[in-house]
Amino acid sequence: MAVDEALSAQMRNALSDQTGISETTMMGARAFLLNGHMVSTARRDTDGTALFMFRVGLDQMQDMLSDPRLFPARMGKRVMAGFLRCAAETCDTDTLRSYLARAIDHVSRLPPKPEAAG
């Protein structure tokens, strides 16, 4: 896994009108956070596949899985509840913004992080 600057720029551009976004590197990916909560990531997998991940929550996960471009995110063999991935090549700008809107909707309802409350 590796941070991919082109993918990160694509995600950054799609989030450009959203306030409260910050970035960090975690688990080999560029993570985008809203008020300290992860919204999405952009990374290149070890096999070279460019991937986006979205934190959509359990309440939206099943509905969104009807989109054939999305699949459950995994960490090792464990499914990450409430997180979905898609191959970046299947995700045009409008689709990326649509997925991000769902992730932002979920994350904006989470309680403030202690370090962000203040």
Inset, instruction - Being over 12 Å from the mean Cα position of the chain (by Cα) and of a type in the set (Ser, Thr, Tyr) is the filter here, so list the residues in the range 76-118 that pass it. - result: 90, 93, 95, 108
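Listed here are the residues, each with its yes/no results for (1) under 17 Å from residue 5 (Cα atoms); (2) open to solvent by less than 10 Å² (accessible area, probe 1.4 Å); (3) in contact with a helix residue (DSSP H, G or I) (Cβ under 7 Å, 6 or more places away or on another chain).
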| residue | (1), (2), (3) |
| --- | --- |
| 39 | no, yes, yes |
| 48 | yes, no, no |
| 52 | yes, yes, yes |
| 56 | no, yes, yes |
| 61 | no, no, no |
| 72 | no, no, no |
| 77 | no, no, no |
| 82 | no, yes, yes |
| 94 | no, no, no |
Inset, instruction - Restrict the check to the range 101-109 and report whether at least one residue is aliphatic (A, V, I, L, M), open to solvent by less than 60 Å² (accessible area, probe 1.4 Å) and touching a Cys at 6+ places or on another chain (Cβ under 6 Å). - result: no
Legend entry - So residue 32, is it modelled with pLDDT of 95 or more, aromatic (Phe, Trp, Tyr) and buried (at least 20 other Cβ atoms within 10 Å of the Cβ): yes
Inset, instruction - Within the range 27-73, track down each residue that is polar (S, T, N, Q) and in contact (Cβ under 8 Å) with a residue 40 or more places away in the chain. - result: 35, 40, 46, 60
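For (1) more than 14 Å from the chain's Cα centre (by Cα); (2) modelled with pLDDT of 95 or more, each residue gets a yes or a no:
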| position | (1), (2) |
| --- | --- |
| 39 | no, yes |
| 52 | no, yes |
| 64 | no, yes |
| 67 | yes, yes |
| 74 | no, no |
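The values are calculated or read from the model by the stated rules, or taken from the named source; none is laboratory data. From a predicted model like this one, the values you see are computed outputs, not experimental measurements. Cβ coordinates were reconstructed from backbone atoms using ideal geometry, including for glycine residues, and neighbour counts include every protein chain displayed. Accessible surface areas use protein heavy atoms only, side chains included; no ligands, DNA or RNA. Shrake-Rupley method; radii C 1.70, N 1.55, O 1.52, S 1.80 Å.
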